[in-house]
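The values are calculated or read from the model by the stated rules, or taken from the named source; none is laboratory data. Computed from a predicted model, the values in this text were never measured in an experiment. Positions of Cβ are generated from backbone atoms using ideal geometry, with glycine treated the same way; all protein chains shown enter the neighbour counts. Only protein heavy atoms, including side chains, enter the accessible area calculation; ligands, DNA and RNA are left aside. Shrake-Rupley method; radii C 1.70, N 1.55, O 1.52, S 1.80 Å.
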Amino acid sequence: MIRGFQTHKIRKQQELTGCLWDFSPCQGENAGNIYKVATPCCWENHPDFSNYRGEGEYKTTFEAAGNIRLEFKGVSHTATIYLDGKEIASHYNAYTIFDTIAMGLQSGEHTLTVKADNRFSPKSALHIPNDYMSYGGVSRPVILQELPCAYIRWIHITPVLCNKIWQAKVQLNIKNIENTETELTVQTQLAGKTITWNAVRLSAFSEITLESTQEFDKVQSWTTDNPKLYYAETTLFQNGTAVDDLIDRFGFREIKIEGKQIFLNGKKLKIKGLCRHEDHPQFGCALPYAAIAADLDILQHLGANSVRTAHYPNDEIFLDLCDERGILVWEENHARGLSEEDMKNPYFEQQAEQVIQEMITAHYNHPSIYIWGILNECASETEYGKECYEKQLNLVKQLDQSRPHSFASCKFKTDICFGLPDIVSYNIYPLWYHDTPPEEYLDDLYQWVQNETDGAGKPFMITEIGAGGLYGYRNNRHAKWTEEYQAEALEKQLQAVLNYKDCIGVYIWQFCDIRISEEWFGGRPRTMNNKGIVDEYRRPKLAYDIVKNIYSNSPS
Ligand code: ADA
């Protein structure tokens, strides 16, 4: 499945994944052997490759002619793309979309090869051994599209509430892919309005971004209770004939910060959330639609109103479902726990900025995304780290002024970056990594932020609390790692945070137990992070009912 809705009526497209491809590992005892695998997938889910770190080649064939665009929703983690044996593109990072265009293909059968590499190396600044798994494979859908001479690359819609009337700024990017000048006319229909754009003349290989602001007096707002969605359908005409189109979906909603609070369409928000990794014992990070939807069923059953995509941009299918269900999303660029030394990797800046750029360009219209997060628990206590935070937060703002930004810090009373983000966020683990009572710890931290940092007066949020609990391990000593201990710790942590007047919300670490990379040492039983409210198979632990009770009975 590509998206939660139809994205083209004119442009021909087909999903190339969703069927069997040939897979062949490049190293190890099975190198060169060919396996038939269902795609999208991670190779770790095949019994021969559950621990394979290396390169793997995926192959399929398709029939097409003319100009084609191949879109890869995610290849983990480094991809090299070959068409009929010739390299045509490469991309780093598992969690963002990339594409490539091949011009003037002869009609007939063509072979697409995707070489995926999940090895850690000095050239990989973001995928490093870590407290989650960097899988290998074509982990998200691959799409084939046929293009005319020019095509619509993206549309960005920014709703603004002006004197109680919705306005929307519409930006539209069109690109000429041929070596000749072309003249085009363009029309966009959105929420009952038609925008007829001025005719566009595009010189060879050039692109243009058109902009218009429209007013909408009869539309419904997107809210968490009534997540009303609208479609923006744009058509490109050449000599009066429709040659290309793009349909995207959006909602009329506005996120604002006033003082220490955050508002959705003027309504104060109280966040009751969970952090979630894309991880499943049967699918790795390549969760199919039904499994993603089932996760969101659990999240809503728990009474949560938000999810944090820790620690990377998520699959569009996931975001589409959050849009449809009114679930607020903190979406985060890819980085976890990088030290100053990690951040000094010569590839770090470019790789992190590319993820931000690709994430915001692709996910701009999702009404569910209400905060952009960056650099979870990185070196925000050092001057060098601060420069990186500043640059990346500035880039986020440059790409999107309509949403607040933040980062989750674990630098207790040493963080020097709180002047930079719109929201101050902390990951805290009282009763797990230390024994200070949660209220005391929280208050101490909050007072420090107000009295000693540039984060004073900003909204304050807890982006992680939690404790480990091994599914099925129960005893009356309530020892650490038992389900009892986890449930009791979470109850105390949650009550402290939700009752703290100046805290706008909380995210539990974490939704489900997850696999971690074996190369990372974290003292983790089962080589898993066991802080899930459900285990990796989504079986509820004792903490489930505690969380459900607290979340369901506390105001949103
Ligand atoms: C951190 C981090 C998470 C996870 C968690 C834990 O706060 O952001 O990725 O590692 O700690 O389980 O300790």
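Using θ = phi - 60° and the Karplus curve 6.51 cos²θ - 1.76 cosθ + 1.60, what whole-Hz ³J(HN,Hα) does each residue of region 206-211 get, with Gly and Pro shown as x?
Using θ = phi - 60°, the values come out as 8, 9, 9, 10, 8, 9 Hz.
Excluding residues on the same chain fewer than 8 positions from Lys492, give the aspartates and glutamates whose Cα lies under 15 Å from its Cα.
Within the straight-line cut-off, Lys492 pairs with Asp435, Glu439, Glu440, Asp443, Glu464, Glu483, Glu484, Asp545.
Set the Förster radius R0 to 56 Å, insert the Cβ-Cβ distance between Lys413 and Thr241 as r into 1/(1 + (r/R0)^6), and round the FRET efficiency to 0.05.
0.30
Relative contact order (percent) for region 174-304, with alpha-carbon contacts under 8 angstrom and 6 or more residues of separation?
Relative contact order for region 174-304 comes out at 17 percent.
For the chain, report the % of Cα-Cα distances exceeding 38 Å.
Counting pairs separated by more than 38 Å, the tail of P(r) holds 29 percent.
What whole-number value in Å² describes the accessible area per residue of region 83-188 for a 1.4 Å probe?
Accessible area per residue, region 83-188: 37 Å².
Amide H neighbours of Tyr473 under 5 Å, counting only residues 5+ apart in sequence or on other chains, H built in-plane at 1.01 Å?
Glu483
Classify region 1-55: rounded, prolate or oblate, from the alpha-carbon gyration tensor (a ≥ b ≥ c, eigenvalue square roots; a/c under 1.5 rounded; otherwise prolate if a/b is larger than b/c)?
Note, shape of region 1-55 comes out prolate.
With a 10 Å radius around each residue's Cβ, average the other Cβ atoms per peptide and rank 21-32, 51-62, 470-481, highest first.
Sorting 21-32, 51-62, 470-481 by mean packing, highest first, produces 51-62, 21-32, 470-481.
In the structure displayed, which of Lys256/Lys548; Lys164/Lys267; Lys270/Lys531; Lys270/Lys413 lie more than 19 Å apart, Cα to Cα?
Lys256/Lys548; Lys270/Lys531; Lys270/Lys413
If one computes P(r) from the Cα atoms of region 32-151, what percent of pairs lie at distances over 24 Å?
The proportion of pairs with Cα distances above 24 Å equals 28 percent.
Grab the beta carbon distance between Thr223 and Ala31, set R0 = 56 Å, and tell me the FRET efficiency rounded to 0.05.
0.55
Using a basic spin-label model with each label point 7 Å from the Cα along Cα→Cβ, how many nm lie between Ile257 and Ser121?
Label-label distance for Ile257 and Ser121, simple model: 3.9 nm.
First select every other residue whose beta carbon is under 12 angstrom from the beta carbon of Tyr52; then total the charges, Lys and Arg +1, Asp and Glu -1.
With Lys, Arg at +1 and Asp, Glu at -1, the net is -4.
Could you tell me the extents of region 181-286's C-alpha atoms along the three principal axes, largest first, rounded to whole Å?
For region 181-286, the Cα spread along each principal axis is 53, 45, 25 Å.
Note down the nm distance, to one decimal, between modelled labels 7 Å out along Cα→Cβ at Thr361 and at Asp297.
The two pseudo-label positions are separated by 3.7 nm.
Got a sec to turn the phi values of region 14-26 into Karplus ³J(HN,Hα) couplings, 6.51 cos²θ - 1.76 cosθ + 1.60 with θ = phi - 60°, whole Hz, x for Gly and Pro?
9, 7, 7, 7, x, 8, 7, 10, 7, 10, 9, x, 8
Can you list the residues, at least 5 places off or on another chain, whose amide H is less than 5 Å from the amide H of Ala232, using H built in the peptide plane?
Residues meeting the amide H criterion: Asp248, Arg249, Phe250.
From the P(r) of region 308-371, can you give the percent of Cα pairs sitting at distances over 18 Å?
Counting every Cα pair in region 308-371, those more than 18 Å apart make up 39 percent.
How many angstrom lie between the C-alpha centres of region 487-556 and region 122-149?
28 Å
Can you run phi through the Karplus equation (6.51, -1.76, 1.60; θ = phi - 60°) for region 108-114 and list ³J(HN,Hα) in whole Hz, with x for Gly and Pro?
Running phi through 6.51 cos²θ - 1.76 cosθ + 1.60 with θ = phi - 60° gives x, 8, 10, 10, 10, 10, 10 Hz.
Just to be sure I understand: if I project the alpha-carbon convex hull of region 99-164 onto a plane and average over all orientations, what area do I get in nm²?
In nm², the orientation-averaged hull projection of region 99-164 is 9.9.
Carbon and sulfur atoms: what percent of the 1.4 Å accessible area of the chain do they account for?
C and S atoms contribute 46 percent here.
So who's got an amide H within less than 5 Å of the one on Ala150, skipping anything under 5 residues away but keeping other chains? H placed 1.01 Å off N, in plane.
So Ala150 has HN proximity to Ile177.
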